[in-house]
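Colleague: Have a look at the structure that comes next, please.
Please treat every number below as a calculation from the coordinates, not as lab data. Only a predicted model underlies this, so the values are computations on that prediction, with no experimental measurement involved. Neighbour counts run over all protein chains shown; Cβ positions are idealised from the backbone, glycine included.
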């Protein structure tokens, strides 16, 4: 029996391709609000991050996260991301 292929996405911080389920998704809804999508099913524009503090730092420093989401990222979302990454570690 053939094994089902896992969808792969690129991390915004390090640029590595990884399985979608291994990454954290930040989504901008059609209304323009930002949130962390734990299930990976919310509609809108998404950006993916490794659950690694270094990747988050790179994404913020180079503004790749803002560029991928096409909107500024508020501090409250950054704090949620930091908490999410700490919970995974």
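Colleague: Checking residue 38 against (1) without any contact (Cβ under 8 Å) to a residue 24 or more places away in the chain; (2) farther than 15 Å from residue 81 by Cα; (3) loosely packed, with under 14 Cβ neighbours inside 10 Å, only one condition comes out false. Which one?
Modeller: (2)
Colleague: Right, something else. Would you check which residues across segment 36-46 are under 18 Å from residue 88 (Cα atoms) and either touching a helix residue (DSSP H, G or I) at 6+ places or on another chain (Cβ under 9 Å) or part of a strand (DSSP E or B) (or both) and list them?
Modeller: Matches in segment 36-46: 36, 37, 38, 40.
Colleague: How many residues does segment 34-56 contain that are within 9 Å of the chain's Cα centre (by Cα) and over 15 Å from residue 16 (Cα atoms)?
Modeller: Matching residues across segment 34-56 total 3.
Colleague: May I pose another question? So if I check each of 31, 79, 66, which one is out of contact with any strand residue (DSSP E or B) (no Cβ under 6 Å at 6 or more places or on another chain) and assigned to a loop (DSSP other than H, G, I, E, B)? Write out each step before concluding.
Modeller: Details: 79 fails: assigned to a loop (DSSP other than H, G, I, E, B); 66 fails: assigned to a loop (DSSP other than H, G, I, E, B).
Among 31, 79, 66, only 31 is out of contact with any strand residue (DSSP E or B) (no Cβ under 6 Å at 6 or more places or on another chain) and assigned to a loop (DSSP other than H, G, I, E, B).
Colleague: Given the options 73, 60, name the one that is within 14 Å of residue 12 (Cα to Cα), within 13 Å of the chain's Cα centre (by Cα) and part of a loop (DSSP other than H, G, I, E, B). Can you show your working first?
Modeller: Numbers: 60 fails: part of a loop (DSSP other than H, G, I, E, B).
Exactly one residue qualifies, and that residue is 73.
Colleague: Is there any pair linking a residue in segment 59-80 that is touching a residue at least 24 places away in the same chain (Cβ under 8 Å) to one that is assigned to a loop (DSSP other than H, G, I, E, B), with Cβ under 7 Å and at least six apart or on different chains, and which?
Modeller: If the second residue must be assigned to a loop (DSSP other than H, G, I, E, B), the pairs left are 59/12; 59/13; 64/12; 65/12; 65/73; 68/12; 71/32.
Colleague: Here's a follow-up. Output the residues belonging to segment 57-80 that are in contact with a helix residue (DSSP H, G or I) (Cβ under 6 Å, 6 or more places away or on another chain) and surrounded by 14 or more Cβ atoms within 10 Å (Cβ to Cβ).
Modeller: If the condition is that a residue be in contact with a helix residue (DSSP H, G or I) (Cβ under 6 Å, 6 or more places away or on another chain) and surrounded by 14 or more Cβ atoms within 10 Å (Cβ to Cβ), then 59, 65, 73 are the ones that fit.
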